[in-house]
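*Asks:* The structure's right below; bear with me while I get my questions together.
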Amino acid sequence: MKLGKVVGTVVSTICSPAFSGRRLLLCDLVGPVGDALGGYLIAVDTVGAGAGETVLILDEGNSARQVLAYPEAPVRAVVVGIVDSVELAETP
Amino acid sequence: MRLARVIGTVVATQKAPGLEGVKLLILQPLDRRRRPSGRPVVAADAVAMAGPGETVYFVASREAALACPEPFVPVDHAVVGIVDAVEELGEADR
């Protein structure tokens with residue numbers, strides 16, 4: 001799974017069925033200490049994450065389809081958690 | 001899943017079975033601030049509504065095949081939605 005920071009939402013009325021009615025979160029990928037890694041993902045929200053929050057992003061199709069309980073969903077990135085804190089024994 | 005801008009369409013009469021009837025678009029992938037980033041790709045239009053100039057979001061690999069209506073369509077990228085707006089966090093809220 002990846003760590004991300006929610007930096008916005010994508011509004012879309014014309015989309016594949018699996019996305020309708022779901023919030024699409026624009027997430028910067030970040031490292032354990034919150035440093036931007038340069039990449040980003042649009043992830044389907046499943047935990048009600050808000051803008052500015054650090055989140056846990058699952059980026060694998062089969063698991064995403066299970067989380068969404070939608071066997072045919074063309075979805076890979078799903079927000080599955082809101083991070084409260086990250087404790088590091090050593091900086092990566 | 002990432003953002004892209006539709007910059008064109010591809011017509012190919014001679015193509016693999018399973019690709020018939022699949023509308024092919026040329027996408028310029030975008031970074032999070034909607035600036036071009038990376039090489040253009042040809043993607044199936046799974047929502048069949050995206051036209052040149054529009055900002056869309058697309059999926060790759062197995063999810064692209066799943067996005068297309070047919071049981072199995074041999075594509076590696078597919079547009080799964082058209083972007084109406086991207087509401088970004090204000091600089092102050094970061």
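*Asks:* Take region B:1-31 and flag every residue that is in a loop (DSSP other than H, G, I, E, B) and either within 24 Å of A:Val7 (Cβ to Cβ) or open to solvent by 90 Å² or more (accessible area, probe 1.4 Å) (or both).
*Replies:* B:Met1, B:Val11, B:Thr13, B:Gln14, B:Pro17, B:Glu20, B:Asp31
Conditions (1) at positive phi; (2) small (Gly, Ala, Ser); (3) within 14 Å of chain A (Cβ to nearest Cβ), marked per residue:
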| position | (1), (2), (3) |
| --- | --- |
| B:Pro52 | no, no, no |
| B:Val59 | no, no, yes |
| B:Val73 | no, no, yes |
| B:Ala78 | no, yes, yes |
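*Asks:* Further question on the same structure: Could you count how many residues in region B:32-43 are open to solvent by 30 Å² or more (accessible area, probe 1.4 Å) and in a loop (DSSP other than H, G, I, E, B)?
*Replies:* Qualifying residue count, region B:32-43: 7.
*Asks:* Within region B:44-76, work out how many residues are within 28 Å of A:Lys5 (Cα to Cα) and buried (at least 22 other Cβ atoms within 10 Å of the Cβ).
*Replies:* 8
*Asks:* Taking interchain pairs and intrachain pairs at least six residues apart, which have beta carbon atoms under 6 angstrom, with the first residue in region A:42-60 and at negative phi and part of a strand (DSSP E or B) and the second open to solvent by less than 30 Å² (accessible area, probe 1.4 Å) and among the hydroxyl-bearing types (Ser, Thr, Tyr)?
*Replies:* What qualifies is A:Ile42/B:Tyr57.
*Asks:* Working only within region A:61-92, note down all residues that are open to solvent by less than 40 Å² (accessible area, probe 1.4 Å), within 14 Å of chain B (Cβ to nearest Cβ) and in a loop (DSSP other than H, G, I, E, B).
*Replies:* Matches in region A:61-92: A:Ala73, A:Pro74, A:Val75.
*Asks:* A follow-up question, please. Please specify each residue of region A:1-35 satisfying the condition of being over 15 Å from B:Tyr57 (Cβ atoms), among the small types (Gly, Ala, Ser) and loosely packed, with under 13 Cβ neighbours inside 10 Å.
*Replies:* Within region A:1-35, A:Gly21, A:Gly34 qualify.
The values are calculated or read from the model by the stated rules, or taken from the named source; none is laboratory data. Model, not experiment: these values are computed from the prediction. When we count neighbours, we look across all protein chains shown, and the Cβ atoms used for this are built from the backbone with ideal geometry, even at glycine. Ligands, DNA and RNA are excluded from the accessible area calculation, which covers all protein heavy atoms including side chains. Shrake-Rupley method; radii C 1.70, N 1.55, O 1.52, S 1.80 Å.
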